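Some notes on the structure that comes next.
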Amino acid sequence: MAVNQQLLQPEQGWKRYDDKDSNIEYVGNWKPYDNSGLWEGSSKYTNDTNASIRFDFTGSRIRIISEVSSIDKRDDNIIIIDGNEYKFSESYSPTRFRVIVFEKTDLSKGIHFVEIKPSPSVAETTGYGINMVLDAIDIDENGELKQYYIPKHLIEQSDNFYSIKPEYYEGGSFKPITLSSGDYPIKADFDKSGFDNLNDLLRERKEGSLTSKSTSLDSGKMFSFDFGSDFKSIKNTPNVVLPDVCYTDSGYDGMKETNFSHPQIYGTGGGRVSTYPNVETKVKLNNKYSLSKMYITVNSTGLVINYNCSVFASNDDVDYITLLNNVNVSKDGQYININNNIGYKYYKVVVSSSMYDARNGSVSLIRLFGCLSYVTKYLIQDRDNILYTYDGENIIESPSQTLNEQNYLANGFEDTTLISEDKWSSKFPNKLDLKLLMYTDDIEKTEATMTYELKNPYKPIDILKKNNSGVCNILMSKN
């Protein structure tokens, strides 16, 4: 059998586990879906890009069974087996149930650790939600599905304990971990500092990682990243950028499939008139979202000349700005691009109509698309506590040397990846005590991570060989 082929029953030599099996762990927002075409009549689906599925199994092969559709399914979903990442799609035509969407048949015999994640971003083109589905899992007939657990590892060397996670690498060596208590690692130490995959000992690393805890600064949070001598350039901007979500239900912050309930637009009939009552729908969100587009469908029982749609935004539900003004919309449903990059908590969608001999009309569907939006700005601080910013061409001293929210908002820059290695080295030949400072108005954010390119790539095993003649013990945690 091959991917995108329907498999109503497991093949000989295989056995099938349903999506409801207690060994499968669902993380995030998952919903049940029942249909007689599915294995045992049920599946689970999500349109939460932060959701995941986790389980372990014994055997040497695995298949993921799902529903496929080109209308509302995701492409480029991710499955991680024993730390190795693969891609798979559920976006196929025609729509079918019990289809193989992923298979791996050449694994070593033994226990394997599996995590499945939706594609981190999708292009919404249909007005339907974009989902990832799990219907069933096929494995060897002599295998067994187990609860998810990946053993963690630490290194014991010269009376110290080490992790090879990138954040513990500094100045050409690994820093010893600090134990929670006593003289030997306990489960809390493995959970916090342990690494998953022993193969990482042999893999060359070209990137480093820094993690910073937040401190309060005026009405927001600040993070500080200390550069080391091996710093080359910043690989990613240390900020969480969430993909677009679909918002379709008043009072719910995130994705939901139910639709707005709308009043009707009433006409008087009997001739041409200039105005009719508006349909106004207000959305209150728990966080600030920037709006990228909307999908709207309108219906009528009269002779509608046109419908006009306007969108307004506010952060206090008092003063609203106009994002969209009287854009004509069709009865059949359409997307309208808004592309506003400023976040707001309140949105109002107003639909009006011009009618001739009209009876009445209604808005049957509104879907808003956008992403969480927070202000995130950066400054650079050298060993003498002088503050710098980036003007798009060069690293320059900040016009203000006061480390406060106002300076970030007025003078901070937004994209750290635009500063090349040459510009970093030209301005700061010695990066000792150099810091990247980050500000955000996301008061819920407590931790941020920065990935940077290393001047000198390394393999963890080579670093460990430098100490104690390379002799070390590998410790593994138990479930």
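The values are calculated or read from the model by the stated rules, or taken from the named source; none is laboratory data. These numbers come from a predicted model, not from an experiment. FYI the Cβ positions are ideal-geometry reconstructions off the backbone, even for glycines, and counts take in every protein chain you see.
Where strands (runs of 3 or more DSSP E) fall entirely within region 111-201, those with at least 1 residues that are of a type outside the set (A, V, I, L, M, F, W, C) and closer than 21 Å to S52 by Cα are at 136-140, 144-146. I'd like the residue in region 1-35 that is among the aliphatic types (A, V, I, L, M) and farther than 21 Å from D82 by Cβ and, out of all such residues, is surrounded by the most Cβ atoms within 10 Å (Cβ to Cβ). The residue in question is L7. With the structure loaded, tell me whether L38 is crowded, with 16+ Cβ neighbours inside 10 Å, at pLDDT 95 or above and not assigned by TED's automatic domain parsing to the domain that holds M132 or whether it fails that test. Against the criterion (crowded, with 16+ Cβ neighbours inside 10 Å, at pLDDT 95 or above and not assigned by TED's automatic domain parsing to the domain that holds M132), L38 does not qualify.
Within region 105-114, is even one residue under 14 Å from Y17 (Cα atoms) and modelled with pLDDT of 95 or more? For region 105-114, residues under 14 Å from Y17 (Cα atoms) and modelled with pLDDT of 95 or more: absent.
Residues that are buried (at least 16 other Cβ atoms within 10 Å of the Cβ), more than 30 Å from the chain's Cα centre (by Cα) and over 21 Å from G228 (Cβ atoms) were ranked within region 455-479; the one that is modelled with the lowest pLDDT is C472. If the condition is being touching a residue at least 12 places away in the same chain (Cβ under 8 Å) and assigned to a strand (DSSP E or B), then region 202-221 contributes R205, K206, E207, G208, S209, L210, T211, S212, K213, L217, G220, K221.
Table: residues versus (1) out of contact with any Ser or Thr (no Cβ under 7 Å at 6 or more places or on another chain); (2) of a type in the set (G, A, S); (3) modelled with pLDDT of 95 or more.
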position	(1), (2), (3)
E90	no, no, no
S93	no, yes, no
V101	no, no, yes
T126	yes, no, no
L154	no, no, yes
G182	yes, yes, no
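Small (G, A, S), within 17 Å of L475 (Cα to Cα) and surrounded by fewer than 20 Cβ atoms within 10 Å (Cβ to Cβ): does that describe S163? The answer is no for S163.
Do the conditions hold for V304, that is, is it at pLDDT 75 or above and β-branched (V, I, T)? Taking the combined requirement at face value, the residue does not satisfy it.
The rows are residues; the columns are (1) more than 18 Å from T451 (Cα to Cα); (2) surrounded by 17 or more Cβ atoms within 10 Å (Cβ to Cβ); (3) in contact with a strand residue (DSSP E or B) (Cβ under 6 Å, 6 or more places away or on another chain).
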residue	(1), (2), (3)
S173	no, no, no
G182	yes, no, no
K187	yes, no, no
F190	yes, yes, no
L201	yes, yes, no
K206	no, no, yes
K221	yes, yes, yes
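Among the residues making up region 154-188, none is within 15 Å of L202 (Cα to Cα) and without any contact (Cβ under 8 Å) to a residue 12 or more places away in the chain.
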